[in-house]
Amino acid sequence: MKTQKGNTLLPVESKESFLRKTLIKYARKQNLDPKLLESKFEVEVFYKEYYIFLGEIECDFTCSIGYNRTENYVEMERKQKLIKQYDGSSKWEWVDEPVNKTRTVTDWQPHSGSKTGKSFVAIKTNGENDKECWDLIDYLGGESEEYDEEIELENEIVAAGENALVIDFRIKTEIGLPGDECKEFSSNEEVEVLEIRKYKIPFYRVKHNYKGKEKSFEHNALVDKFSVNLDKDETEELKYTPLDTKKLAEEDAEVKKLAKSSKISWIAVLIAALLSALIPFGFIICVIAIVIAISTSIKKSNKYQSKKSELDEKEKKKKANILDEKHKKVYEVLKKALINHGLKSATFDEVYAKTKE
């Protein structure tokens, strides 16, 4: 089988535009060593080749289809309750109580059918079909240049393309099945390859030399979003040591005072519970002790959360100020880097206003 036509897809932007984005992304890294931006960066465009297969598939399949439903049921749970005794006193006892619950149950039934349709997949020239190939399909509608090239494809490549078509069609068939669940899917397919085209896909390769080491990364030039990563020797730790706000909140004078009161209150509850069986109206004393203990615990918890939130907010502002100073330092280096590479300048807000890196 031969291909008669090929397509070379064109990058979505110039090398200069991509380099500018790359430098800005580096500048946004919190732990960046600013000296990295003083390196000489280069961008080149190269192409990877893929085969695009268009095929028609006939598929017969069997499987089990599941329909989910919600079922109510009762489960016994063991709980501790205050039980009134024959002599009028009360004591804590473990009892089993029914609890209403719900669960999802799947009703299975056999299902079979047949389906005919077309599928469109990409494989690498070595026959591999991975995520890079799956993502490629979304970008084939971009601007391209057509070229003539007649190539004799090896049987292994054609077989790999047919297998990719079957897998793609099988997945689409499973997705389109009725019901909520599917298992034991089995199918037989017949494939007719209608067309094979060769595509040359543009990639950027960004290279820079830092501390005597040449480094690079690649990115699909059809994809707008990308990220950059730093090696350990390209980082500079942010000069910020976070405080243990949890520990500080626990050591706050008011929090410690309430914590002590809460502890005493629960000890009082334990004593009241023991005495409730020995003295008249012991049950009432026990209930009052429990109310006081719960109230004290709530006050302690609220005070702790309030103090911790206050400390967290101060830490957040402290780190933001330190980070802002780091950004100002890096921005000055970035401005020079953009000038040195003959690129359009960037404002401080453009670089940092919306960054989440």
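The condition (being modelled with pLDDT of 95 or more, surrounded by 14 or more Cβ atoms within 10 Å (Cβ to Cβ) and more than 30 Å from ILE284 (Cβ to Cβ)) is satisfied by just one residue among THR70, THR62, THR106: THR106.
Checking each residue in the stretch 127-162 for being without any contact (Cβ under 8 Å) to a residue 12 or more places away in the chain, of a type outside the set (Asp, Glu) and not in a helix (DSSP H, G or I) picks out only GLY141.
Can you confirm whether the stretch 107-122 contains a residue that is touching a residue at least 40 places away in the same chain (Cβ under 8 Å), part of a strand (DSSP E or B), closer than 30 Å to THR8 by Cα and aromatic (Phe, Trp, Tyr)? Checked against the condition, which is being touching a residue at least 40 places away in the same chain (Cβ under 8 Å), part of a strand (DSSP E or B), closer than 30 Å to THR8 by Cα and aromatic (Phe, Trp, Tyr), the stretch 107-122 yields at least one hit. When ALA272, ALA337 are checked against the criterion of being at pLDDT 85 or above, surrounded by 14 or more Cβ atoms within 10 Å (Cβ to Cβ) and either part of a loop (DSSP other than H, G, I, E, B) or over 32 Å from the mean Cα position of the chain (by Cα) (or both), a single residue qualifies: ALA337. Tell me, yes or no, whether the stretch 210-224 has at least one residue that is farther than 24 Å from GLN30 by Cβ, outside any strand (DSSP E or B) and more than 26 Å from the chain's Cα centre (by Cα). Yes: one or more hits. When SER119, SER144, SER114, SER186 are screened for being closer than 15 Å to ILE52 by Cα, surrounded by fewer than 18 Cβ atoms within 10 Å (Cβ to Cβ) and among the polar types (S, T, N, Q), only SER144 passes. Residue count for the stretch 242-269, restricted to those that are in a loop (DSSP other than H, G, I, E, B) and buried (at least 18 other Cβ atoms within 10 Å of the Cβ): 1. Out of the stretch 208-230, which residues are under 15 Å from PRO34 (Cα atoms) and surrounded by 12 or more Cβ atoms within 10 Å (Cβ to Cβ)? Those that are under 15 Å from PRO34 (Cα atoms) and surrounded by 12 or more Cβ atoms within 10 Å (Cβ to Cβ): HIS208, ASN209, TYR210, LYS211, VAL228, LEU230.
The values are calculated or read from the model by the stated rules, or taken from the named source; none is laboratory data. All values derive from a computational prediction rather than experimental measurement. Neighbour counts run over all protein chains shown; Cβ positions are idealised from the backbone, glycine included.
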